Amino acid sequence: MAHFTFQGKRPTQENLARIASMFGHMTHVISPGKFTVVSRTNDMEHRETYPFRVARHTASSTTLTFEDASALPELTLYKGDGFYLVRVGANFEYFSKVA
């Protein structure tokens, strides 16, 4: 979180704390044309689904763009063995693959 930026801006300390609390509690569900983000905090679950298209891909990465660019910025998924990394702007996040 020391260098976390979102859409080119550094979040406030309050927002950084809120974002940090989501780490370890977020799941991505990727299905044809839909990218769903599920976040869990305490006993609450929040789910948002965004239509996407594949902008480009290689053997090890896929870049998604979203119909509503203000909802989610372009993101790139890098696959690994049992995990993947997500790059959004200058940020990288690590996710364990569960299915």
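The values are calculated or read from the model by the stated rules, or taken from the named source; none is laboratory data. Predicted model only: the values in this text are computed from it and were never measured. Positions of Cβ are generated from backbone atoms using ideal geometry, with glycine treated the same way; all protein chains shown enter the neighbour counts.
Keeping to region 60-99, report how many residues are over 23 Å from residue 25 (Cβ atoms) and not charged (D, E, K, R). Total satisfying the criteria: 7. Being β-branched (Val, Ile, Thr) and at pLDDT 85 or above is not true of residue 5.
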